[in-house]
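Down below is the structure, laid out as structure tokens.
Read-outs throughout are calculated quantities, based only on the coordinates presented, and are distinct from any laboratory measurement. Predicted, not measured: the structure shown is a model, and the values here were computed from it. Reconstructed Cβ throughout: ideal geometry from the backbone, glycine too, with neighbour counts over all protein chains shown.
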Amino acid sequence: MIKRCLKEKWLDSIKKIILEILIAAFVGLIEATLTYILKYHGTIESMGIPMVKPFLIFGSPPFLMHKLKIHDHNLQMHRKLGKTYGKYVGRSPFVFTIDPDLIKEILVNKS
């Protein structure tokens, strides 16, 4: 009888330990995933470039790019935010510009 009670207590404690380990692994996996996805958020803001705010982990809207004309959307964003603006596509930051001086500065080799 005593052996049976001890065995049941031992099995209960093993089950609790396994459950705690699984919960800790799940929480760690969620934290690692969010850290990976949100790694580059804040890059555009730190440069002082006006931007389209990202939505959670999905990036900046619009999300259904196949339902609109890209050139019309970009022209609308340039009118709204200025010659240079940024947005996130998924987790990656993108900078769009129509400023000829900035384009020349980036593309011309000064050596």
Return yes or no: is Ser13 assigned to a helix (DSSP H, G or I) and closer than 29 Å to Glu105 by Cβ?
no
Looking at this structure, is Lys80 in a helix (DSSP H, G or I) and basic (Lys, Arg)?
yes
Leading residue by the ranking (farthest from Thr33 (Cα to Cα)) among those in region 43-93 that are without any contact (Cβ under 8 Å) to a residue 12 or more places away in the chain and basic (Lys, Arg)
Arg79
Where residues in region 88-111 are in contact with a strand residue (DSSP E or B) (Cβ under 7 Å, 6 or more places away or on another chain) and either farther than 24 Å from Gly42 by Cβ or among the aromatic types (Phe, Trp, Tyr) (or both), which of them is surrounded by the most Cβ atoms within 10 Å (Cβ to Cβ)?
Tyr88
Condition first: over 10 Å from the mean Cα position of the chain (by Cα), surrounded by 11 or more Cβ atoms within 10 Å (Cβ to Cβ) and assigned to a loop (DSSP other than H, G, I, E, B). Now tell me which residues in region 43-59 satisfy that.
Ile49, Pro50, Val52
